[in-house]
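Have a look at the structure below before the remarks.
The values are calculated or read from the model by the stated rules, or taken from the named source; none is laboratory data. These numbers come from a predicted model, not from an experiment. Here the Cβ positions follow ideal geometry from the backbone for every residue, glycine too, while neighbour counts run over all protein chains shown.
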Amino acid sequence: MHKILIIENDRALNNGIALALKAESYLFLQAFELEEAKQMLKSEKIELVILDLNLPDGDGPELLKRIKEAYGIPVVILAARDRETDIMTGLEAGADDYITKPFSLMALRARVNNLIRRVRSSSLQVYQSRDFYFSFQKMEFTKGDRRVELSKTEQKLLQLLVENRGLTLSRGELIERIWTDGTRYADENTLSVAVKRLRDKLEDNPGTPRYIKTVYGIGYTWADGRERLSAGGGRG
């Protein structure tokens, strides 16, 4: 579960963002004042912040600088469309992305998903659950006590799914990110074959997959709520 902090004094907008972006893998915390936000940052393990720079009770850009210096987590800033200086101030203070009001909630969701994916892909080295142990750095993969041998394509596919667990990756995105060297033509059938082979190696019943789920009409997602994740390479 990824904790996202929304810092926005407009209660209707704050509540609307939390409701519209609600997902199984996200937990939204809401702050309506500067001091409340500071306390949440101290007490909770926040992974991303959505920040309105124009807070009535404090200095939004200064809070942004503090978040980046003290916590190093991604920040999306909310800014008025007619205040370009706010956008420049926010980016100079370290914001990772911005969106202008009024904005599309779909556009905000896309920005949040992209930043969460970036955090996951930059930090995840080890995935461990009751059933699996995957070390992508050492290229060691086990199911229970059994070693599983994976091809390079299967390793890429598995890592993308695990890094983005809880999110659906489209078939087009998977094809684009797995077959990157251009030496082999890949299409949806190529991806389907890779998914089938990976399921055959990891699933107890590949015909009724428990972990590599098909999201019909879109793509695939990794579903395993009992994982432990690490940025290190050792097995715990």
Problem set entry | Test for Arg165: is it surrounded by 15 or more Cβ atoms within 10 Å (Cβ to Cβ), within 24 Å of Gln125 (Cα to Cα), modelled with pLDDT under 90 and in contact with an Asp or Glu (Cβ under 8 Å, 6 or more places away or on another chain) | yes
Exercise. Would it be correct to say that Glu173 is acidic (Asp, Glu) and within 23 Å of Asn114 (Cβ to Cβ)?
Worked result: yes
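From Lys156, Lys213, Lys201, Lys196, grab the single residue that is assigned to a strand (DSSP E or B) and either at pLDDT 90 or above or touching a helix residue (DSSP H, G or I) at 6+ places or on another chain (Cβ under 9 Å) (or both). Spell out the reasoning first.
On the way: Lys156 fails: assigned to a strand (DSSP E or B); Lys201 fails: assigned to a strand (DSSP E or B); Lys196 fails: assigned to a strand (DSSP E or B).
Lys213 is the lone residue from the list that is assigned to a strand (DSSP E or B) and either at pLDDT 90 or above or touching a helix residue (DSSP H, G or I) at 6+ places or on another chain (Cβ under 9 Å) (or both).
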Exercise. So which residues in the stretch 9-38 are under 24 Å from the mean Cα position of the chain (by Cα) and over 25 Å from Met106 (Cα atoms), if there are any at all?
Worked result: Lys38
Exercise. Hey, any hits in the stretch 89-104 for a residue that's part of a helix (DSSP H, G or I), surrounded by 15 or more Cβ atoms within 10 Å (Cβ to Cβ) and touching a Pro at 6+ places or on another chain (Cβ under 8 Å)?
Worked result: yes
Exercise. Which pairs have Cβ atoms under 7 Å, sit 6 or more apart or on different chains, and link a residue in the stretch 163-188 that is under 15 Å from Gly219 (Cα atoms) and free of Cβ contacts under 8 Å to residues at least 40 places away in the same chain to one that is outside any loop (DSSP other than H, G, I, E, B) and among the hydroxyl-bearing types (Ser, Thr, Tyr)?
Worked result: Ile178/Thr153
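With touching a residue at least 60 places away in the same chain (Cβ under 8 Å) and outside the structural domain of Glu163 (by TED's automatic domain parsing) as the only criterion, which of Ile46, Ile17 stands out? Break it down stepwise before answering.
On the way: Ile46 fails: touching a residue at least 60 places away in the same chain (Cβ under 8 Å).
When all the criteria are applied, what remains is Ile17.
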Problem set entry | Answer residue from the stretch 173-193, given it is among the hydrophobic types (A, V, I, L, M, F, W, C) and not in a helix (DSSP H, G or I) and is farthest from Val148 (Cα to Cα) among those | Ala186
